[in-house]
Amino acid sequence: MDPGDDTEFLRKQFQEFMVGLMSLPINIPGSRLHRSLQAKKKMVELVHKIIEAKRKNRSEKEEQRQIRSCKRCS
């Protein structure tokens with residue numbers, strides 16, 4: 001997914017989450033609270049996925065930088 005898709009997905013999930021917070025506290029499948037909790041779970045999973053991708057990208061860039069600096073030393 002590109003950043004625009006991620007943003008739109010998070011926006012929709014956040015709206016669903018907020019609607020569920022103002023509902024009856026009955027967590028059964030199909031209820032607003034249940035959908036709200038599922039939306040929260042999806043948001044957390046996406047944020048974790050984004051963080052892991054950024055960490056991986058950062059570590060790959062660090063490795064490339066180290067390789068380039070070693071080549072200059074030789």
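Tabulated results
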quantity: Residues (under 13 Å from VAL47 (Cα atoms) and in a loop (DSSP other than H, G, I, E, B)) located in segment 1-32; calculated: MET1
quantity: Cβ pairs under 6 Å, 6+ apart, first in segment 24-40 and surrounded by 15 or more Cβ atoms within 10 Å (Cβ to Cβ), second hydroxyl-bearing (Ser, Thr, Tyr); calculated: ARG32/SER23; LEU33/SER23
quantity: Residue match in segment 3-16 (condition: of a type in the set (A, V, I, L, M), out of contact with any Ser or Thr (no Cβ under 7 Å at 6 or more places or on another chain) and loosely packed, with under 14 Cβ neighbours inside 10 Å); calculated: no
quantity: Candidates LYS71, LYS54, LYS61 - the one that is in a helix (DSSP H, G or I), at pLDDT 90 or above and of a type in the set (D, E, K, R); calculated: LYS54
quantity: Cβ pairs under 7 Å, 6+ apart, first in segment 1-20 and closer than 18 Å to LYS54 by Cα and at pLDDT 95 or above, second surrounded by 14 or more Cβ atoms within 10 Å (Cβ to Cβ) and among the aliphatic types (A, V, I, L, M); calculated: none
quantity: Among the candidates VAL19, VAL44, residue that is among the aliphatic types (A, V, I, L, M) and under 18 Å from the mean Cα position of the chain (by Cα); calculated: VAL44
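The values are calculated or read from the model by the stated rules, or taken from the named source; none is laboratory data. Not measured: the values here are computed from a predicted model. All Cβ positions, even for glycine, are placed from backbone atoms using ideal geometry, and neighbour counts span all protein chains on display.
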